[in-house]
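Structure record follows, encoded as structure tokens.
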Amino acid sequence: MKKSIFFAGILLMAVSFVFCLGCKSGESKTMSLFEENSEAWFVDGDSKWEFVNNELIGIADSTSGFIITNDRYRNFELSLEFQPDSTINSGVFVQCALPEMSAEDCHELNIWDLHPNQDFRTGSIVTKVKPYEIVETLNVWNTYKAITKEGNIQVYVNDVLTSSIEKDTLMEGHIGLQAMGNGTIKFRNIKLKKITD
């Protein structure tokens, strides 16, 4: 009996060790944003939002609308997948001091390949930084990644660095997704990992 207890204790220690491999003090776990039936976000505006097969779909019909986090975030890596049609005006808004989405009081990471002003096309930070590279995204799944830390932000589309800002005053805020004009935008796998060091 004592041997069984001893070996059980050894096994428990071994399992704990395996699960803690790679753990670091203060390491942050990745969380999902905009999950279905969650109370962690709200809808603002007239566009329609729905979940279909684990995809968040924004539909605009001469409308403007957003889905916005209740919480504010500082120093993080945000990653998501998006699929825009050819007519939608969409975007990802980060570091909005108030739960009100605007290009002036947020960083608006645009999703609009056919923007009339190509300085504001997909990959730009609208009104602030035009895209370094042209990345085509229409009607296929793409990735967006934003890394923010103490006023710095780097933006990647399909792993290509498309824009960045250093030492900005926007450091913390809400996160929002946009569906505006006419058309459909799909999002999935929306993940946020806090940067703690």
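The values are calculated or read from the model by the stated rules, or taken from the named source; none is laboratory data. Here the structure is a predicted model, which means the values were calculated and not measured. Here the Cβ is made from the backbone with ideal geometry for all residues, glycine too, and neighbour counts use every protein chain on show.
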Filter result for T127 (of a type in the set (V, I, T), outside any strand (DSSP E or B), within 19 Å of R72 (Cα to Cα) and more than 14 Å from the chain's Cα centre (by Cα)): no
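Kindly state which strands (runs of 3 or more DSSP E) lie completely within the stretch 21-101 and contain at least 3 residues that are surrounded by 13 or more Cβ atoms within 10 Å (Cβ to Cβ).
Details: elements: 30-32, 41-45, 48-52, 55-69, 76-84, 88-96.
Result: 41-45, 48-52, 55-69, 76-84, 88-96.
Considering only residues that are surrounded by 13 or more Cβ atoms within 10 Å (Cβ to Cβ) and at pLDDT below 95, which ones fall in the stretch 151-170? Before the answer, list the steps.
Of all residues in the stretch 151-170, those surrounded by 13 or more Cβ atoms within 10 Å (Cβ to Cβ) come to 151-158, 160-165, 168, 170.
Selection gives G151, D168, L170.
Check the stretch 46-58 and report whether any residue there is modelled with pLDDT of 85 or more and more than 22 Å from V140 (Cα to Cα).
Yes - at least one qualifying residue is present in the stretch 46-58.
Sort through D105, D71, D119 and tell me the only one that's modelled with pLDDT of 95 or more, over 16 Å from the mean Cα position of the chain (by Cα) and acidic (D, E).
Working: D105 fails: modelled with pLDDT of 95 or more; D71 fails: over 16 Å from the mean Cα position of the chain (by Cα).
After applying the criteria, what remains is D119.
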Neighbours by Cβ (under 9 Å, 6+ apart or cross-chain): first from the stretch 174-188, more than 24 Å from D105 (Cα to Cα); second outside any strand (DSSP E or B) and small (G, A, S): G183/S86
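Of these, W141, W112, which one is in contact (Cβ under 8 Å) with a residue 60 or more places away in the chain and either in contact with a Phe, Trp or Tyr (Cβ under 8 Å, 6 or more places away or on another chain) or hydrophobic (A, V, I, L, M, F, W, C) (or both)?
On the way: W112 fails: in contact (Cβ under 8 Å) with a residue 60 or more places away in the chain.
W141 is the lone residue from the list that is in contact (Cβ under 8 Å) with a residue 60 or more places away in the chain and either in contact with a Phe, Trp or Tyr (Cβ under 8 Å, 6 or more places away or on another chain) or hydrophobic (A, V, I, L, M, F, W, C) (or both).
Residues of the stretch 133-170 being within 29 Å of L98 (Cβ to Cβ), more than 14 Å from the chain's Cα centre (by Cα) and either part of a loop (DSSP other than H, G, I, E, B) or small (G, A, S) (or both), which ones? Before the answer, list the steps.
If we filter the stretch 133-170 for residues that are within 29 Å of L98 (Cβ to Cβ), which is where we start, we get 137, 142-157, 161-170.
Filter once more, so that each one left must be more than 14 Å from the chain's Cα centre (by Cα): 137, 149-152, 161-170.
Those that are within 29 Å of L98 (Cβ to Cβ), more than 14 Å from the chain's Cα centre (by Cα) and either part of a loop (DSSP other than H, G, I, E, B) or small (G, A, S) (or both): T137, E150, G151, S163, S164, E166, K167, D168, T169, L170.
Picking from S38, S86, S28, S16, which residue would you name as being of a type outside the set (A, V, I, L, M, F, W, C) and modelled with pLDDT of 95 or more? Reasoning before the result, please.
On the way: S38 fails: modelled with pLDDT of 95 or more; S28 fails: modelled with pLDDT of 95 or more; S16 fails: modelled with pLDDT of 95 or more.
Residue meeting the stated conditions: S86.
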Test: residue in the stretch 110-120 that is part of a strand (DSSP E or B), aliphatic (A, V, I, L, M), touching a strand residue (DSSP E or B) at 6+ places or on another chain (Cβ under 8 Å) and under 18 Å from Y73 (Cα atoms): no
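Could you list, in sequence order, all residues of the stretch 144-169 that are aromatic (F, W, Y) and touching a residue at least 24 places away in the same chain (Cβ under 8 Å)? Don't jump to the end; show me each part of the working.
Of all residues in the stretch 144-169, those aromatic (F, W, Y) come to 144, 156.
The answer is Y144, and nothing else.
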